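The values are calculated or read from the model by the stated rules, or taken from the named source; none is laboratory data. Quantities reported herein were computed from a predicted structural model and do not represent experimental measurements. So basically every Cβ, Gly included, is an ideal-geometry build from the backbone, and we count neighbours across all protein chains shown.
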Amino acid sequence: MNASNLPLSGARLWDSLMEMAKIGATTKGGCNRQTLTDLDAEGRALFQRWGEAAGLTLSVDRLGNMVFRRAGRDPTRKPVAIGSHLDTQPTGGKFDGVLGVLAGLEVMRALHEAGAETEAPLLLINWTNEEGARFSPPMMGSGAAMGLFPEAEVLAKRSLDGAVFGEELRRIGWQGSADPAALQDCAAYLELHIEQGKLLEDGGFDVGVVTMALGQSWFEVVVEGEESHGGSPMAGRHDAMMAAAPLVTAVEEIALSTVSPAGEPGRGTVGVLDVYPASRNVAPSRIFFSVDFRHGDPASLADMGERLTARAAEIGLARGVKATVTPFWHSPLTPFDPTLIGRVQASATARGYKWRDIPTGIGHDAVYMARRIPTVMVFTPCHGGISHNEAESITLEWAEAGLRVLADAALATAGLRTS
């Protein structure tokens, strides 16, 4: 038997996606199933019932990560893991994260129905708080499991309404006793996800083979001037907003003009802007804004930060204000595993899918996993690149293509028994 002979069902995967989407369903067709809410607990319980019906054994760790296990013929081999997340944004869609979890479940269901065996054990993981919508930062479950930040720090995190992560985890009944660090002992990790962009759809591709995660550098920018009345002459003002405006515009300019040797431009975003004193007839004295730079070339990414800092100094001098750029957070460029990438490419080719290599500019649990163990991601297209949105949409055919390529690569890695 090989993966092509397994009774993988795109229709069953689709039905499961639609059933899970009923939990936290919104009036506009999306999902609001934020982490550690009662709806999250309900979604977890449904997932538990489905997993156990497929013969899987569930354990839950101290961070609430759900880990289903399917035994292999050789218990001494490290397990091969498939995973993603069930939590959503407040106005999220039906597919972000959920597709990867339920595609992994469909692989397990097909193996169970066929009575098939793998040499290595298989794991299916639902990570806690990938989205970071209620508790920040995102990807807490995988990040702490990989030792990238302390478990105690995660459990102590507070939401904007004052709820404590650890207390909410216990309240909804999903704090287990297993050690999350045990997941560092996996042989490989594979994750299926919607692209959250439109490169695949625009190019007519069925599958994206994710080769790396772009490097990210975040900055905080503060521009300090002097308040002045809106009716006062503009000459001689030290208006922080008028100085900040060209600096905000420079973020896009810097991103688009910073092109790697391979011809790839950067990505730049200003996502938060705060004005003080925020009065209609007062030129502000202080502007704060965030900057998110991303690039597939580390040298180019570093250059983007340097150019922003230099531009801030120029504008500050010309405008008579103080403009400060402070590094806030950095995530290095993270390559995915060449062997796993090759297996995904080989599967897509053998099955006749049109595919392309593609980076991810977005954080996923797989990015943290790749810091510790061999990892790969598979992308499916999504309509218009729309995600984190109730209008998020894919087709059954796209979902099935991703499922089959994921299954081929995972089972080749785990050693599917052919007799």
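Being of a type in the set (Ser, Thr, Tyr) and within 11 Å of Ala366 (Cβ to Cβ) is the filter here, so list the residues in segment 72-86 that pass it.
Once the filter is applied, which keeps residues that are of a type in the set (Ser, Thr, Tyr) and within 11 Å of Ala366 (Cβ to Cβ), segment 72-86 yields only Ser84.
Read through the list (1) surrounded by fewer than 24 Cβ atoms within 10 Å (Cβ to Cβ); (2) in a strand (DSSP E or B), then give the number of the only condition that Pro75 fails.
Only one criterion is unmet by Pro75, namely (2).
Check Glu168 against each of (1) at pLDDT below 95; (2) farther than 30 Å from Thr258 by Cβ and name the one condition it does not meet.
Going through (1) at pLDDT below 95; (2) farther than 30 Å from Thr258 by Cβ one by one, Glu168 breaks only (1).
Need at least 1 residues that are assigned by TED's automatic domain parsing to the domain that holds Gly266 per element, so show me which strands (runs of 3 or more DSSP E) inside segment 300-406 make the cut, counting only ones lying wholly within it.
Once the strands (runs of 3 or more DSSP E) in segment 300-406 are filtered for at least 1 residues that are assigned by TED's automatic domain parsing to the domain that holds Gly266, what remains is 322-331.
If you scan segment 57-71, which residues turn out to be of a type in the set (S, T, N, Q) and either under 21 Å from the mean Cα position of the chain (by Cα) or within 16 Å of Leu86 (Cα to Cα) (or both)?
The one that is of a type in the set (S, T, N, Q) and either under 21 Å from the mean Cα position of the chain (by Cα) or within 16 Å of Leu86 (Cα to Cα) (or both): Asn65.
Exactly one of (1) crowded, with 24+ Cβ neighbours inside 10 Å; (2) farther than 17 Å from Gly97 by Cα is unmet by Pro381. Its number?
The one condition Pro381 does not meet is (2).
Kindly indicate whether Leu13 is modelled with pLDDT of 95 or more, under 28 Å from Gly166 (Cα atoms) and either of a type in the set (D, E, K, R) or not in a loop (DSSP other than H, G, I, E, B) (or both).
No: the conditions fail for Leu13.
Taking Gly296 and the conditions (1) more than 16 Å from Ser217 (Cβ to Cβ); (2) touching a Ser or Thr at 6+ places or on another chain (Cβ under 7 Å), which numbered condition does it fall short on, given that it satisfies the others?
(1)
Filter segment 247-267 for residues that are surrounded by 13 or more Cβ atoms within 10 Å (Cβ to Cβ), assigned to a loop (DSSP other than H, G, I, E, B) and either small (Gly, Ala, Ser) or at pLDDT below 95 (or both) and give the result.
Hits for segment 247-267 are Ser260, Glu264, Gly266.
Can you tell me which condition Thr360 does not meet? The list is (1) touching a residue at least 24 places away in the same chain (Cβ under 8 Å); (2) closer than 22 Å to Arg109 by Cα; (3) polar (S, T, N, Q), and all the others hold.
Here Thr360 meets the rest and fails (2).
Do any residues in segment 43-72 that are surrounded by fewer than 16 Cβ atoms within 10 Å (Cβ to Cβ) have Cβ atoms under 6 Å from those of residues that are among the β-branched types (Val, Ile, Thr) and modelled with pLDDT of 95 or more, where the two are at least six apart or on different chains, and which pairs are they?
That search, which allows pairs on different chains as well, returns Ser59/Val67.
Search segment 92-133 for residues being small (Gly, Ala, Ser) and in a helix (DSSP H, G or I), and hand back the single one that is surrounded by the most Cβ atoms within 10 Å (Cβ to Cβ).
This residue is Gly100.
Would you mind finding the one in Gly320, Gly342 that is of a type outside the set (D, E, K, R), modelled with pLDDT of 95 or more, farther than 30 Å from Glu226 by Cβ and surrounded by fewer than 24 Cβ atoms within 10 Å (Cβ to Cβ)?
Gly342
So, in segment 268-299, how many residues would count as being out of contact with any Leu (no Cβ under 9 Å at 6 or more places or on another chain), in contact (Cβ under 8 Å) with a residue 40 or more places away in the chain, of a type outside the set (Ser, Thr, Tyr) and assigned to a loop (DSSP other than H, G, I, E, B)?
4
Which condition number in (1) under 31 Å from the mean Cα position of the chain (by Cα); (2) assigned to a loop (DSSP other than H, G, I, E, B) is the one that Arg237 fails?
Tallying (1) under 31 Å from the mean Cα position of the chain (by Cα); (2) assigned to a loop (DSSP other than H, G, I, E, B), Arg237 fails exactly one: (1).
Answer yes or no as to whether Glu252 is acidic (Asp, Glu) and within 30 Å of Ile194 (Cβ to Cβ).
Answer is yes for this residue.
When segment 18-38 is examined, which residues are found to be surrounded by fewer than 20 Cβ atoms within 10 Å (Cβ to Cβ) and part of a helix (DSSP H, G or I)?
Passing the criteria: Met18, Glu19, Asp38.
Of the numbered conditions (1) surrounded by fewer than 23 Cβ atoms within 10 Å (Cβ to Cβ); (2) closer than 30 Å to Thr375 by Cα, Leu190 satisfies every one except a single condition; which is it?
Every condition holds for Leu190 apart from (1).
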